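Novice: This is the structure I want to talk about, given as structure tokens.
Bear in mind these aren't lab numbers, they're just calculated from the coordinates by the rules spelled out. Predicted model, so just to flag it, every value in this text is computed and none were measured. Methodologically, a virtual Cβ is constructed for each residue, glycine included, from the backbone with ideal geometry; neighbour enumeration extends over all protein chains shown.
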Amino acid sequence: MSQQQKLWEESIIDKTPLPSGRKRPAGESTTNVVLSSHLGDNAPVFKDILKLYVPEGSTIADVTWGKGAFWKFVEEGTYKTLFTDIQSGVDCRDLPYEDGSLDALVLDPPYMEGLFRQTTGEMAGGGSHAAFRENYSDGKATEHVEGAPKYHDAVLDLYLKAGEEAWRTLRNYGVFIVKCQDEVSANRQRLTHVELINAWEERFYCKDLFVVTRVNRPGIVRLVKQEHARKNHSYFLVFVKRNPEFPKRIRPTATEAKAMGLVAEKGVLTNGVEEPVIDPPKAGSATEAS
Ligand SMILES: C[S@@+](CC[C@H](N)C(=O)[O-])C[C@H]1O[C@@H](n2cnc3c(N)ncnc32)[C@H](O)[C@@H]1O
């Protein structure tokens, strides 16, 4: 343990009784917690996110599986996994799953407009960067469709359409994990993570946000004058599907949790880290407090 950690732990461990004479509430002091900001690859962050938000045994679909890099540190068999990608013939905008059948869904489509060009010659990741194109898209040019969104709007359009499918296939309070990166497109700052959070606000509660910072130093090709900071970080956003009947609720009530099979034998909730809210009063007796 570092000196700084030790000092921090000592400073927060207070064993003196409360002034009322009552014992201090239970709980351990620790620095062994999942953090919101990480330096390095996606895989360790993804593992932490699952640990925090998706209980073992859940059914989880990764709909842009790519090469499965996210799953590097997730032990096989921990979840019921459904892995698809456009490269295996499944479009994340048209999933082969029943309504409300998933506990969690992972979405990581191509995140930059340079991967949505109409010819491969114009696409990002040419020549010696071919591996980049292969890893971050399906490597194909985008078919020209009259009136279809272009550039960053094409990126956003794919996220939003996939979000519709996530909403359809997730059960209420299901977890939607989205990877994205902001970008400068047509000389405009496009904060993709903000655009997504705002667009989905009514359907998904944004429960958490993780920042992943790359270790190596990215450059800019043909820089004349720098206008925006070069992005060297990306995000994992964690959303919870709102219950359309009670959109202000952000976690299931005890009865809802039980009905969805989420309460384990000893009354421990297995769908997340928090206790369910107390069931609201029956209709007619009072309105629900959110
Ligand atoms: C950033 S990569 C995903 C990397 C992946 N998370 C991993 O860990 O390897 C983007 C992926 O989205 C896929 N993709 C692109 N358009 C898609 C679509 N409409 N439906 C499903 N997958 C799509 C690409 O084939 C590519 O594998």
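Novice: What spacing in nm lies between the two simple spin-label points modelled at LYS51 and VAL194, each 7 Å away from Cα in the Cβ direction?
Specialist: My value for the distance between the label points is 3.2 nm.
Novice: Let me ask another. What residues qualify as long-range amide H neighbours of LEU82, i.e. H under 5 Å apart, gap of 5 or more or another chain, H built at 1.01 Å from N?
Specialist: Distant-sequence amide H within range of LEU82: ILE60, ALA61, ASP62.
Novice: Then there is this: Could you list which residues have their amide H under 5 Å from that of LYS207, counting only those 5 or more apart in sequence or on another chain, with H placed in the peptide plane?
Specialist: Result for LYS207 returns VAL238, PHE239, VAL240.
Novice: What is the fewest-to-most order of THR81, THR169 by other Cβ atoms lying within 10 Å of their Cβ?
Specialist: Neighbour counts put them in this order, fewest first: THR81, THR169.
Novice: Then there is this: Going down the list LYS161/LYS231; LYS80/LYS140; LYS47/LYS179, which pairs span over 22 Å between their C-alpha atoms?
Specialist: LYS161/LYS231; LYS80/LYS140
Novice: Moving to a separate point now. Would you kindly calculate the translational diffusion coefficient of the range 140-261, applying Stokes-Einstein with the Kirkwood radius from alpha carbon pairs, for 10 °C and a viscosity of 1.306 mPa s, and quote it in µm² s⁻¹ without decimals?
Specialist: 95
Novice: Students often check this: by mean Cβ neighbours within 10 Å, which of 223-232, 171-180 ranks highest, and how do the rest follow?
Specialist: 171-180, 223-232
Novice: So how much slack lies between THR16 and THR255, counting 0.36 nm per residue of separation and subtracting their Cα-Cα distance, in nm?
Specialist: 82.2 nm
Novice: Non-local amide H neighbours of SER185 (under 5 Å, H modeled in plane, Pro and chain starts lacking H): which ones?
Specialist: ARG190
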